[in-house]
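The values are calculated or read from the model by the stated rules, or taken from the named source; none is laboratory data. The shown structure was predicted, so the numbers you read here are calculated from the model rather than taken from an experiment. All Cβ positions, even for glycine, are placed from backbone atoms using ideal geometry, and neighbour counts span all protein chains on display.
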Amino acid sequence: MSKSKLELQLYNTMSKQKELFKPKEEGKVGLYVCGVTSYDLSHIGHARAYVAFDVLYRQLKYLGYEVNYVRNFTDVDDKIIRRASELKEDPIALSGRFCEEFLHDMADLNCLLPTHQPRVSDHVEQIKEMITKIIKNGCAYTLDGDVYFSVDNFPNYGRLSGRKLEDNRAGERVAVDSRKKNPADFALWKAAKPGEPSWDSPWGSGRPGWHIECSAMSAQYLTHTFDIHGGGMDLIFPHHENEIAQSCAACPESNISFWLHNGFVTANDEKMSKSLGNFFTIREVTKLYHPLALRYFLLGTHYRSPVNYSISMIETASNAVFKLYQTLQDCRDALALLPDIKEASNGKTKVSPVAKECINKLHNEFETKLSDDLHTPTILNSALQEALSYINTCVSQLKKKMQKQQQLVFVLSLTELEEEVRRVLDVLGLLSSSTYSEVLQQLKDNALRRAGLTEEDILKTIEEREQARKNKDYARSDQIRSDLEAKGIALMDVGKETVWRPCVPEQPAPPVEQEQSATSVKKQQPADTLPVQQSTVPVQQETPAPQVHLEQTTVEQQQPSDPVQKEKPSLPCALEQPAVEQQQPSDPVQKEKPSSPLASEQPAEQVQQEQSAVQQQKSPKSAQKDQPVSLVEKLMNLNLEQLSATPPEQAGGESADKEQGKTPRST
Ligand SMILES: [Zn+2]
């Protein structure tokens, strides 16, 4: 099947169902995503949104489309002005500084640069032109230097969100301006106040309102009709509703085919908020975890579902990334030992049928799942894990003595497997520009930082353990090993050598009461929560069990419920409730926990410990004294037992994005 024939299905908030994507112009896609209001460092809610749309961007490119991807920067806004005044800085300059910080985060997260990144301050002329058209078309009015959009003069207002005009509670959070004709009318232009950035206009000196910039800038770079508009769910109302109203009022033929919205981020099943102490900037997370671990974690949840951030989940994701890169490194190492074998072949040898099946499965699953409304979790948890397992098998086989012909089959199989895995990782944005070994080193450095240890500390501890074993003091050597595992460092005996790698910190066996409480938490899990497969490998303390190849976990066998089945299309404007609340898909992702990562050289005991860490998700040792890191402490102190609880209710709307931990408000 050629890529161009692949059908891409996307969930359209406007129709409230999945639809077959068809570009307006053959082979080309116009994509607009609301960007950040840049007055502070971006948080993981931002990471969520832009990673999701980066995958869409990559997938569209993979399908062969020429994509014009526009993501704006809001550099003129109340919050920016307030922050700049606090810091006694020029608002545009402050905003520019945080735009740079944002781009730094995006590069870390392996997000591709959009085609255009327009800023409000550079597009005031286009904004003024659009406001002029809206006034001319009778949908806006001026009031003492302000310009308001008149919702009463725009009959289709509420189509996207399903809100009725009388449901709007514009005055609930902000004092109603009694001068407005309808409380739901919103500002297109705000009259200048002293000390604020302002521009001359036909209505007096002032600056653009909250929503008009996206209408003006999308029209500028993508024209009035384009294919996909994206943003966080909290932007459906009022931001995107207002965008539609403005664009259509200025240009009646305005039309956007697809409206895509990503779900929220919660932390430990609570709304992220600074006051709860569970609010995380991207920078805070990437100080301790590899950015690819954060990306992997985010892709482990379908983009429309709520995603719950917790230390347990990011640790698991980090471990999965380590396993991924270790497997690829092992593959490269194995191939490097046989550099000339392919030249020596007669060209007739083919990859093994098992390898071929594995490659085909990965390829097909990747294409079909990603084309099914970007279903990333299934790819990560199923075919990719199988491919990695099979790479490990081939690597182990190649270490055995065999005939050249057999070797060649394994070499060809590994080469093709690696190629396919890289292709998948590339579209998911999980392929680093660094080498495999550099990524592994970065992951190890992060693990050391989290553990508050240095490489030297660990080498010293390995020596200590060696000495204890020589003295037959196995209790001591076990203790040394489990102490390190509690800090996320696993020791592995490979032949006569002991090496280390990061692992999910082992959690201590809880006393009986806690055990009960853990059980009761488990019982509260939804019935279809995925069980993580128990290892059947017996625990053999201090005895390395090399080449452990667990079969795929049961993750793949349990298909997530399709969010769409619960999302019956409903007539626009006929909804009593805000659409935001009605569109909550069932969370496919909480059922798709990453499978337990296993390196081929892993000792059996560690396998069990890691799996149980994922499965039980009990509270880790709280506030370990030797963990100096504030984020870890912060996370450790949170109640991790709630991890599998029902997702929190999703608040709709217009409250401050910072407090909600949602996608950035954008204007
Ligand atoms: Zn916007």
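Looking at Ile379, Ile391, just one residue is in contact (Cβ under 8 Å) with a residue 12 or more places away in the chain and within 18 Å of Ala317 (Cβ to Cβ), and that residue is Ile379.
Does Lys136 count as more than 30 Å from Ala93 (Cα to Cα), over 31 Å from the mean Cα position of the chain (by Cα) and of a type in the set (D, E, K, R)?
Details: more than 30 Å from Ala93 (Cα to Cα): yes; over 31 Å from the mean Cα position of the chain (by Cα): yes; of a type in the set (D, E, K, R): yes.
Judged against the criteria, Lys136 is a match.
Residues of the stretch 4-53 that are part of a helix (DSSP H, G or I) and under 24 Å from Asn308 (Cα atoms): Ile44, Gly45, His46, Ala47, Arg48, Ala49, Tyr50, Val51, Ala52, Phe53. Pairing residues of the stretch 209-234 that are more than 12 Å from Tyr32 (Cβ to Cβ) with residues that are within 12 Å of the ligand (Cβ to nearest atom) and hydroxyl-bearing (Ser, Thr, Tyr), at Cβ distances under 8 Å and at least 6 apart in sequence or on separate chains, gives Gly209/Thr667; Trp210/Thr667; His211/Thr667; Ile212/Thr667; Gly232/Thr663; Met233/Thr663; Asp234/Thr663.
Across the stretch 243-278, the number of residues qualifying as at pLDDT below 85 and among the charged types (D, E, K, R) comes to 4. Taken together, the residues in the stretch 342-364 that are outside any loop (DSSP other than H, G, I, E, B) and touching a Ser or Thr at 6+ places or on another chain (Cβ under 6 Å) amount to 1. State whether one or more residues within the stretch 323-343 are within 13 Å of Leu412 (Cα to Cα) and among the β-branched types (Val, Ile, Thr). Checking the stretch 323-343: at least one residue is within 13 Å of Leu412 (Cα to Cα) and among the β-branched types (Val, Ile, Thr). Within the stretch 57-74, the set of residues being more than 16 Å from the ligand (Cβ to nearest atom) and in contact (Cβ under 8 Å) with a residue 40 or more places away in the chain comprises Tyr57, Arg58, Gln59, Leu60, Tyr62, Leu63, Gly64, Tyr65, Val67, Asn68.
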